[in-house]
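First comes the structure, then the notes that go with it.
Every number in this text was worked out from the coordinates using simple rules, so none of it is lab data. Not measured: the values here are computed from a predicted model.
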Amino acid sequence: RESAPTASRLSGVDALERVIERLEGYATFAELCEGEILPRRVVDFRPAALDRLLALGGVGWRAEGSLDLDRDPRVAFFARDFLGRFPATSDGSEESSSDGVLDANDTFVLEYINSKGASFLDEIAAGTRLRPSATARSLRRLLRLGRVTNDLFDPLRPGYWSAYGDEFERVGEGSARRGSSVSARSSRSGGAARRRTNLRPQGRWYLQSNYIKERENPSLSSDESTASIEAWGWAMLDRYGVLAREIAELDAWAPPWRDLVPILTRAEWRGEIERGYFVEGLSGVQFAARDAVEELAAYGDRNPVDATPYLLSSLDPANLYGSAAPFDIDFYSDATTRLIRNAGSHVVIAAGRPILAIEGRGKRLRSLPSATADELAGSIALLPSLAGPRRRILRVETFNGVDAVAEPWGGVLAAAGFVRDPPGMAYYAGW
């Protein structure tokens with residue numbers, strides 16, 4: 001499907017919108033969005049292009065994550081008119097699974113945005129009579145609870161919140177009460193924080209309107225619930241082409257499979273999609289978009305099959321292999337260890353099958369038994385793309401459990417620009 005990189009990547013804001021349309025609803029780590037998933041689909045992707053698209057108003061984002069600020073939150077893009085509903089935020093802890101986590105300042109901020117609409121941080125601070133640092137603290141918490149969003153992507157970028165001063169992390173729940181902040185806002189620290197925040201675009205904050213509690217919402221009608229599930233079903237069919245239980249479970253915020261099946265069955269009765277057994281290895285009932293069925297039927301007749309290798313994050317929705325994914329990988333040197341899908345792992349796929357697994361942020365390479373020497377060489381040639389401004393040195397220590405300097409793969413790595421740097425091979429970006 002078009003959610004996967006293609007031989008001719010797209011370019012421009014229109015292309016970015018098309019890509020995000022196919023990624024609608026897929027929740028992944030915020031850093032991966034701009035560092036991996038979007039750049040591998042859009043030629044010369046720039047963060048400013050994403051901000052321009054968000055500013056147009058047709059597309060928005062929703063984040064959710066632990067209140068532990070050291071952990072990167074997950075984020076997904078949606079059309080602003082998306083009818084799907086989101087589950088309540090939960091990171092497995094009791095405090096983050098209910099509204100009891102909201103303190104007084106959080107409530108003031110929510111009430112202000114609810115009454116005034118989309119607002120800048122400074123406007124919220126003035127309207128609630130909270131210090132800018134206390135307002136920022138509440139917005140950051142509400143963002144991770146899935147309650148608010150912004151018309152820029154900046155709040156999810158590294159360093160954004162540091163603009164609100166050193167006191168940001170020290171603001172306690174009672175240190176900026178409503179009605180007690182007039183003098184605080186006029187203090188040197190408050191004024192300095194405001195001047196710093198004005199040096200960069202803030203973006204407007206607004207409520208995430210389709211947030212609902214994990215428990216059944218009494219105000220949510222049967223028609224609204226059906227429309228929500230249908231929206232999720234169509235979004236995932238557009239992304240994957242074929243839906244089965246294992247594939248639907250890749251989307252963390254989608255309804256459970258037991259809720260999707262009746263809705264998809266009705267769509268099949270209406271002749272809008274097809275039901276059958278389309279992909280070997282997926283269990284139970286499968287549903288497919290009609291155009292996906294045609295593509296699958298024609299796939300075996302294509303000659304030659306496009307064998308262009310693509311390097312993907314293991315968490316990319318185009319990768320269906322590894323832990324917690326529909327398909328597993330049998331490695332050449334170790335048939336018992338699975339590919340762990342995390343932010344430090346990548347996979348190279350060609351013609352729909354995995355060729356090479358890259359783990360430990362590039363330190364360990366493992367190949368698939370079916371991979372040919374030419375396929376592996378083409379896959380290794382893609383490794384330098386993992387280096388860049390934020391990562392100037394890429395080290396490969398082992399290949400199938402053997403030192404990376406050993407032949408023949410030491411020579412293949414050297415041909416890709418790596419140099420001997422014990423205990424392995426290293427690629428120096430910009431050299």
Cα-based convex hull volume of segment 24-88 per residue, rounded to whole Å³:
99 Å³
Computed over the Cα atoms of segment 329-431, the Rg and Dmax in Å are 12.7, 38
At q = 0.12 1/Å the base-10 log of I(q)/I(0) from the Debye formula over the alpha-carbon atoms of segment 97-161 is -0.27
Diffusion constant of segment 250-316 at 25 °C, which comes from Stokes-Einstein with the Kirkwood Cα-pair radius and 0.890 mPa s, µm²/s:
169 µm²/s
